[in-house]
Amino acid sequence: MPDTAPVSASVVPQALIAALGAALGAGGMLTDSADTAPYATDWRGLYHGSTAAVLRPASTAEVAECVRLCAAAHVPLVPQGGNTSMVGGAVPAEDGSQLVLSLSRLARVRALDPLDLTLTIEAGVTLKAAQEAAEAAHCLLPLSIASEGTAEIGGVLATNAGGNNTLRYGNARDRVLGLEVVLADGSIWDGLRRLRKDNTGYCLRQLFIGSEGTLGIITAAVLRLEPAPAERIAAFAALPSPEAALALLRRLRHHDAAALVAFEYMSAAGLALVLAHIPGTRLPLAEKAPHYALIELASSRPDAGLAAGLETVLAAAMEAGEVTDAAVSASEAQRASFWRLREEHSEAQRLAGASVKNDVSVPVPAIPEFLARAAAAGAAVVPGIRVVPFGHLGDGNIHFNFVQPEGMAAAAFLAASEALMDAVNEVVHDLGGSFSAEHGIGRLKPAMLASWRAGPELALMRRIKAALDPDCLLNPGKVLLR
Ligand code: 2HG
Ligand code: ZN
């Protein structure tokens, strides 16, 4: 549950703040509460932390110096990138005992090799800027998430972000060939190798990816790129049922599995919120439907004939009653407008009132059963609840979100958060799914992790944490219960 504890006085020694200020120089540290406040809360407004200082190192050496000074004073650090966590993963505690370490000034593209298809990049570069750097060299960085304009590479890797292209290109961890990490004692591990084959002992980089800053601080990475697509096309399809969505997914795979890069799901309820709350959006079809899919195909071949192929598949799906209507993008602007309908779901949901989010995954064939059972489970907890499922159907990840019933007080609705999450998770568990598909654990889900992974798995995680961060100075209170 989100904490709302009042802020207490800072317990960080002034001598440490002074030493950090001296090490970081002008512009390297924020201490005024008006300046630090945005770093101490999350965009969802679930957590309101407090910090005596936000450290803003501009190089890996400066990050290492911050960690060394803080370790010597036993003061914990909360690494932070774009602060777009869905689970409070980058906010400091309320008691003022933790300092925020922002990676945003480590913002250089160090190298890009279009033949090797590798990008060596620092933690503070936004995902969007990293995509643009790849594009400028006729390459593709195929990681795409709704918050990519703000989310930074360090956070994207530390949380192993998923997103829209997982079904074709995998999650963030699948892109990483090498890492540079500042360890809990302030030493620097230079693992910035860019090899496709390097079978030399334990794969350390994968430990840090997805650890949410609790094992080390990622300062740079080597990412694997792809050739730029020569052609890209999207379709927005109306569907009668979730079962029809699976049939359509199967058809697309049979037609050209390599070209299918996204298969996203939207419900009538979610799309209605977008159309109502996001200016300039409109349904690209003549009539509303109970379910929608956003499909994207891409190919590096200029003669792939994506449009003709997609139209053939959609026509066959219509014939079979799996699709009732569809629009195929005729321009980049139209493709972007389809994506906007999908990517504005979070914002539309925020504008519609208080919400409870369930970032879950189940095996793809179980999605129709999951949607039906989870909706019933939510309605049993809060009658009149608005069920707003959407997400990455092609990889099994559904954002099974709830919005407060019209007219219900937000606080009364949020009081049911835990019961609602439990109700959904019971169905997820039953279907062999995960309680956190792509958003991680942060501060919201350590208790869930402890219960879902209890036994040898949790014990191993604790031993790894103890080995890499014995004094628990890196992002305490996240991932693992203290
Ligand atoms: C997305 O897919 C993000 O748009 C956010 O993962 C999901 O708001 C959400 O629940
Ligand atoms: Zn998502």
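The values are calculated or read from the model by the stated rules, or taken from the named source; none is laboratory data. In this text the structure is predicted, and so the values were computed from the model without any measurement. Virtual Cβ from ideal backbone geometry, glycine too; neighbours counted across all protein chains shown.
Suppose we keep only residues that are within 16 Å of ligand 2 (Cβ to nearest atom) and small (Gly, Ala, Ser) within segment 440-459. Which one would you say is surrounded by the fewest Cβ atoms within 10 Å (Cβ to Cβ)? Don't jump to the end; show me each part of the working.
Kept after step one, since they are within 16 Å of ligand 2 (Cβ to nearest atom), are these residues of segment 440-459: 440-442, 444-445.
Next cut, small (Gly, Ala, Ser) only: 440, 442.
Values: Gly440: 26, Gly442: 24.
If we take residues in segment 440-459 being within 16 Å of ligand 2 (Cβ to nearest atom) and small (Gly, Ala, Ser), then Gly442 is surrounded by the fewest Cβ atoms within 10 Å (Cβ to Cβ).
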When Gly25 is run through (1) surrounded by 14 or more Cβ atoms within 10 Å (Cβ to Cβ); (2) more than 30 Å from Leu140 (Cβ to Cβ), the failure sits at (1)
May I ask you to say which residue of Leu444, Leu460, Leu449 is assigned to a helix (DSSP H, G or I), within 21 Å of the chain's Cα centre (by Cα) and among the hydrophobic types (A, V, I, L, M, F, W, C)?
Leu449
Top-ranked residue of segment 308-353 - restricted to ones that are closer than 14 Å to Arg232 by Cα and touching a Leu at 6+ places or on another chain (Cβ under 9 Å), ranked as farthest from ligand 1 (Cβ to nearest atom):
Gly309
Does Ala272 satisfy the condition of being modelled with pLDDT under 95, out of contact with any Ser or Thr (no Cβ under 6 Å at 6 or more places or on another chain), closer than 24 Å to Pro368 by Cβ and in a helix (DSSP H, G or I)?
no
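Looking at this structure, is Leu393 in contact with an Asp or Glu (Cβ under 8 Å, 6 or more places away or on another chain) and either farther than 25 Å from Gln80 by Cβ or of a type in the set (Phe, Trp, Tyr) (or both)?
Values: in contact with an Asp or Glu (Cβ under 8 Å, 6 or more places away or on another chain): yes; either farther than 25 Å from Gln80 by Cβ or of a type in the set (Phe, Trp, Tyr) (or both): yes.
Yes: the conditions hold for Leu393.
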Where the second residue is in a helix (DSSP H, G or I) and the first is buried (at least 21 other Cβ atoms within 10 Å of the Cβ) and lies in segment 123-134, which pairs have Cβ atoms under 7 Å and are six or more apart or on separate chains?
Ala123/Ile153; Ala123/Gly154; Gly124/Gly154; Val125/Ile153; Leu127/Ile153; Leu127/Val156; Ala130/Ile153
List the number of the failed condition for Arg196; all other conditions in (1) touching a Phe, Trp or Tyr at 6+ places or on another chain (Cβ under 9 Å); (2) without any contact (Cβ under 8 Å) to a residue 40 or more places away in the chain; (3) among the charged types (D, E, K, R) hold.
(1)
Residue among Glu369, Glu426 that is in contact (Cβ under 8 Å) with a residue 12 or more places away in the chain and either in contact with a strand residue (DSSP E or B) (Cβ under 9 Å, 6 or more places away or on another chain) or under 26 Å from Arg168 (Cβ atoms) (or both)
Glu369
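Confirm whether Glu226 is buried (at least 16 other Cβ atoms within 10 Å of the Cβ), acidic (Asp, Glu), closer than 23 Å to Ser300 by Cβ and touching a Lys or Arg at 6+ places or on another chain (Cβ under 7 Å). Lay out the reasoning, then the answer.
Details: buried (at least 16 other Cβ atoms within 10 Å of the Cβ): yes; acidic (Asp, Glu): yes; closer than 23 Å to Ser300 by Cβ: yes; touching a Lys or Arg at 6+ places or on another chain (Cβ under 7 Å): no.
No.
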Quick one: which of Ala466, Ala419, Ala437, Ala411 is small (Gly, Ala, Ser), more than 16 Å from ligand 2 (Cβ to nearest atom) and within 21 Å of Asp359 (Cβ to Cβ)?
Ala419
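Take Leu46 and tell me if it is crowded, with 19+ Cβ neighbours inside 10 Å, more than 17 Å from the chain's Cα centre (by Cα) and either closer than 25 Å to Arg482 by Cβ or modelled with pLDDT of 95 or more (or both).
no
Sort through Asn160, Asn164 and tell me the only one that's at positive phi, at pLDDT 95 or above and either among the small types (Gly, Ala, Ser) or outside any helix (DSSP H, G or I) (or both).
On the way: Asn164 fails: at positive phi.
The conditions single out Asn160.
Could we say that Gly309 is out of contact with any Lys or Arg (no Cβ under 8 Å at 6 or more places or on another chain), at pLDDT 95 or above and more than 16 Å from ligand 2 (Cβ to nearest atom) here?
Numbers: out of contact with any Lys or Arg (no Cβ under 8 Å at 6 or more places or on another chain): yes; at pLDDT 95 or above: yes; more than 16 Å from ligand 2 (Cβ to nearest atom): yes.
The answer is yes for Gly309.
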Among residues of segment 381-400 being in contact with a helix residue (DSSP H, G or I) (Cβ under 7 Å, 6 or more places away or on another chain) and free of Cβ contacts under 8 Å to residues at least 60 places away in the same chain, the residue surrounded by the most Cβ atoms within 10 Å (Cβ to Cβ) is Phe400
Residues of segment 258-286 satisfying the condition of being surrounded by 15 or more Cβ atoms within 10 Å (Cβ to Cβ), closer than 15 Å to Glu344 by Cβ and of a type in the set (Gly, Ala, Ser):
Ser267, Ala269, Gly270, Ala272
Given the criterion under 19 Å from Phe435 (Cβ atoms), outside any helix (DSSP H, G or I), more than 18 Å from the chain's Cα centre (by Cα) and within 16 Å of ligand 1 (Cβ to nearest atom), identify the matching residue among Val387, Val360.
Val387
